[in-house]
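Undergrad: One structure coming up, written as structure tokens, with questions to follow.
Values in this text are rule-based calculations from the coordinates and carry no lab data. These numbers were taken from a predicted model, which means no experiment stands behind them. Don't worry about glycine lacking a Cβ; one is built from the backbone with ideal geometry, like all the others, and counts go over all protein chains shown.
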Amino acid sequence: MKKPMWMVRAEVGGRYFEEFKTLSIVAIGWADVGDMSMLKTRDDFTQAINRVYKDMKKAQVAMSSSQTYRFVREIQNGDRVITYDPSERVYLVGTIVSEYEYVPDLIQDDPNIRRVRWEGEVSRDVLSVSARNSLGAISTLFLIPPDVAKEIESLVTTPGKTNAADEQKNEEEQQQVDLLLKDVQAKGFEFIKDKVNRLDWDELQELVAGLLRAMGYKTRISPSGSDRGKDIVASPDGLGFENPRIVAEVKHRSAAMGSQEIRSFLGGRHKDDKGLYVSTGGFTKDARYEAERASIPLTLMDIDDLVKSLLEHYEKMDADAQRLVPLRKIYWPG
């Protein structure tokens, strides 16, 4: 049976990589807990973390206790282990050759150690995209998937190998990167939809108004009515006197809007108005038909359309609108 393989990071930026290599160890922090050899169960580790780090949030306590428990109790003598040097883009590969030890004299910040016999190196450049993606986790310690471990093992004997000259492999790699990007984009899009959907009704109104302002209009939100419905009036002057004058209605509901709601909206519009109807619950087929034959230009915007417009105009949105759905830009290799 194949031994499991663990990643133990040499701290942020690999700052203790040379110590790991020259001292033949892997190590973790949580120094204030002290010697963990007497801790047996996960609950023991959780209590110890809680006792020492009183201001630590619940999720951080769970992560910390899980990683310390794994390092002390789950990792076994004979297990495989790797650590990473980000400056050289190299994984050091070896075998655990000791039980857990508490040795504060080796690395003061990381006194909890396991001794290792280092046996080889693997360049990150020779690994598949999927393997590199798996090894990109930010956790200090984690179990490497068996297929990735197998790939690493197969490359330990050729530490200097690169694939720069392999045109076909480069093309396949780019295809994998492109697929991974599409997956990240799709997940990101859904997370943004989740964020928008969690806004309360007034916040969603403000988001739509902010989007219209980013498109160059000045906006005014009318007082709420009996059903708490508000019309947003967007125009060049902000008062609705100058054309184009856009009247927007926003419905934050789970149910789709039907043709009757569209007719009601159209019934109060002037002939020179342009309409925007936003519904997080979407629209029925009849509602879309009603919009197509409307006497004024009318755009129906469901939550997918709203998020697409949000992404398109986000950088031009004012700070108040951006705070409703805070987003971070991610750079990706082209």
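Undergrad: What's the exposure ranking of LYS274, LYS57, LYS40, going from fewest to most Cβ atoms within 10 Å?
TA: Going from least to most buried by this count: LYS57, LYS40, LYS274.
Undergrad: Further, regarding this structure: Taking the Cβ of each residue in TRP332, TRP118, TRP201 as the centre, tally the other Cβ atoms inside 10 Å and list the residues starting with the fewest.
TA: By the 10 Å Cβ count, ascending, the order reads TRP332, TRP201, TRP118.
Undergrad: Pull up the cross-link candidates among the lysines for LYS193, meaning alpha carbon to alpha carbon under 21 Å and not fewer than 8 places away within one chain.
TA: LYS182, LYS251, LYS308, LYS316, LYS329
Undergrad: Across the chain, where is the longest run that never hits GluC sites (Glu not before Pro) in a DSSP loop with at most 15 other C-beta atoms within 10 Å?
TA: Longest gap between qualifying sites, sites excluded: 100-241.
Undergrad: Round to the nearest 0.05 the FRET efficiency obtained for GLU203 and SER264 when R0 = 22 Å and r is the Cβ-Cβ distance.
TA: 0.40
Undergrad: While we're here: Run the numbers for ALA31 and LEU106: contour at 0.36 nm per residue of separation, minus the present Cα-Cα distance, in nm.
TA: Length difference between fully extended and current span is 25.8 nm.
Undergrad: Applying 1/(1 + (r/R0)^6) with R0 = 56 Å to the Cβ-Cβ distance of ARG73 and THR299, what FRET efficiency is obtained, to the nearest 0.05?
TA: Computed FRET efficiency for ARG73 and THR299: 0.40.
Undergrad: So, one more: At 0.36 nm per residue, and after removing the present C-alpha to C-alpha distance, how many nm does the segment from SER139 to MET215 gain when stretched out fully?
TA: 23.2 nm
Undergrad: Calculate how many DSSP beta bridges within segment 200-334 are antiparallel, expressed in % of all such bridges and rounded to the nearest 5.
TA: Antiparallel bridges: around 40 percent, rounded to the nearest 5.
Undergrad: Same structure again: How many nm separate the modelled label positions at MET38 and ARG51, each set 7 Å beyond the Cα in the direction of the Cβ?
TA: In this crude label model, MET38 to ARG51 measures out at 0.7 nm.
Undergrad: Mind checking the angle between helix 303-313 and the chain's longest principal axis? C-alpha axes, 0 to 90 degrees, to the nearest 10.
TA: Between helix and principal axis, roughly 80 degrees.
Undergrad: Ignoring everything except DSSP H segments at least 4 long, calculate the 222 nm mean residue ellipticity for the chain; use -39,500 (n - 2.57) per segment, divide by total residues, nearest 500.
TA: Value at 222 nm, helices only, nearest 500: -11500 deg cm²/dmol.
Undergrad: How far, in nm, would the chain grow between GLN60 and LYS308 when pulled straight, counting 0.36 nm per residue and subtracting the alpha carbon separation?
TA: In short, 85.9 nm is gained.
Undergrad: Using Cα-Cα distances under 8 Å and only pairs 6 or more residues apart, what relative contact order does the chain have, in percent?
TA: 13
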